[in-house]
Amino acid sequence: MDDEYAKLIRRVNQPRVVIDNNACEDATVIQVDSVNKHGILLEVVQVLTDMNLTIRKAYIASDGGWFMDVFNVVDNDGNKIRDKEIIDYIQRRIETSAGFVPSQRGSVGVMPSEEHTSIELAGTDRPGLLSEVCAVLADLRCNVVNAEIWTHNTRAAAVVHVTDDSTGCAITDPKRLLMIKDLLCNVLKGNDDLKTAKTMLSAPGVMHRERRLHQIMFADRDYERVEKTGVRAVEERSSKPQVNLLNIEKDYTVITMRAKDRPKLLFDIICTLTDMQYVVFHGMVNTTRMDANQLFCLCRNFISDM
């Protein structure tokens with residue numbers, strides 16, 4: 001009954017998005033008010049990231065039952081968003097994402113589709129790995145529609161969308177799917193895989209690839225550092241972000257971060273915190289031409305999935 005009541009509250013109180021070009025001299029201000037739910041901050045930041053918007057400042061407040069955030073954004077050229085069609089599209093996307101009732105599945109934005117089969121890969125990175133994966137798919141008459149590959153700390157992860165070369169549709173034959181999975185797993189294992197290689201074939205569908213790659217890498221524990229020596233180690237230490245933690249109460253933590261700014265930095269941070277089961281209930285983001293300064297007040301399992 002509690003879950004049904006929460007869903008009713010969300011439907012009655014639909015998200016409200018206000019986009020204002022007059023409130024700030026050098027950025028478009030996007031204000032989002034909505035009933036709070038787990039993952040809502042990630043969904044909003046994901047929409048802004050997908051639109052290739054740069055978040056210069058952000059004020060986050062999601063303590064209690066309400067989510068109230070303000071984002072100062074610009075386009076790739078550093079200008080305000082002036083096009084009314086783009087403004088309307090951003091508003092619709094955020095309202096749809098913020099009002100979406102999540103399923104129990106771990107990924108974000110899963111929608112049914114028959115267009116392709118999604119293949120998820122994780123294993124030890126090595127020269128020629130991508131070439132070998134593509135060769136196996138070609139031999140199995142799989143057409144690669146699109147793919148995204150990440151590597152970090154000697155680990156590699158990929159989300160590849162494929163179709164049947166003869167039909168142009170998703171691959172549904174269970175025996176063929178099992179063969180694809182087994183052969184790709186053999187390629188990923190290589191000769192000296194220190195960790196278990198993983199290959200997953202999800203049902204035909206569409207999901208946010210970068211969000212899914214964050215989940216794959218986190219599950220693969222790619223954050224466990226590999227010690228490096230020499231010039232590369234010195235360079236990495238000099239450019240390492242400054243991260244400070246302060247436990248103010250038993251279940252609450254304040255994190256301050258300063259790092260070199262780059263595209264999608266806030267999206268990557270919110271993905272990581274979400275995967276670690278932390279919720280941002282207050283936060284501030286401020287970027288300069290080179291640096292990003294961020295402060296987050298976190299707690300664990302503040303809002304459970306519904």
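The values are calculated or read from the model by the stated rules, or taken from the named source; none is laboratory data. Since the model is a prediction, treat every value here as computed from it, not as a measurement. All Cβ positions, glycine included, derive from the backbone under ideal geometry; neighbour counts span all protein chains shown. What goes into the accessible areas is simple: the full protein's heavy atoms, side chains included, and nothing from ligands, DNA or RNA. Shrake-Rupley method; radii C 1.70, N 1.55, O 1.52, S 1.80 Å.
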Q) When you go through (1) over 30 Å from Thr28 (Cα atoms); (2) modelled with pLDDT of 90 or more; (3) assigned to a strand (DSSP E or B) one by one for Asn146, which number turns out not to apply? A) (2)
Q: Can you tell me which residue within segment 28-67, out of those that are in a loop (DSSP other than H, G, I, E, B) and out of contact with any Phe, Trp or Tyr (no Cβ under 9 Å at 6 or more places or on another chain), is most open to solvent (accessible area, probe 1.4 Å)?
A: Asn52
Q.
Just the residues that are open to solvent by 30 Å² or more (accessible area, probe 1.4 Å), not in a strand (DSSP E or B) and not hydroxyl-bearing (Ser, Thr, Tyr), please, taken from segment 149-178.
A. Asp165, Gly168, Cys169, Asp173, Pro174, Lys175, Arg176, Leu177, Leu178
Q: Report the residue count in segment 257-271 for those that are assigned to a helix (DSSP H, G or I) and touching a Ser or Thr at 6+ places or on another chain (Cβ under 6 Å).
A: 1
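Condition check: farther than 23 Å from Asp268 by Cα, surrounded by fewer than 17 Cβ atoms within 10 Å (Cβ to Cβ) and modelled with pLDDT under 60. Does Glu25 satisfy that?
no
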Q | Checking Pro15 against (1) at pLDDT below 90; (2) open to solvent by 20 Å² or more (accessible area, probe 1.4 Å); (3) under 23 Å from the mean Cα position of the chain (by Cα), the condition it does not meet | A | (2)
Q | Filter result for Val70 (of a type in the set (A, V, I, L, M), at pLDDT 90 or above and open to solvent by less than 70 Å² (accessible area, probe 1.4 Å)) | A | yes
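Table: residues versus (1) at pLDDT below 70; (2) surrounded by 12 or more Cβ atoms within 10 Å (Cβ to Cβ); (3) over 19 Å from the mean Cα position of the chain (by Cα); (4) not small (Gly, Ala, Ser).
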site	(1), (2), (3), (4)
Ile180	no, yes, yes, yes
Asp192	yes, no, yes, yes
Lys240	no, no, yes, yes
Glu249	no, no, yes, yes
Asp268	no, yes, no, yes
Q. Restricting the search to segment 261-284, which residues are free of Cβ contacts under 8 Å to residues at least 60 places away in the same chain and of a type in the set (A, V, I, L, M)?
A. Leu265, Ile269, Leu273, Met276
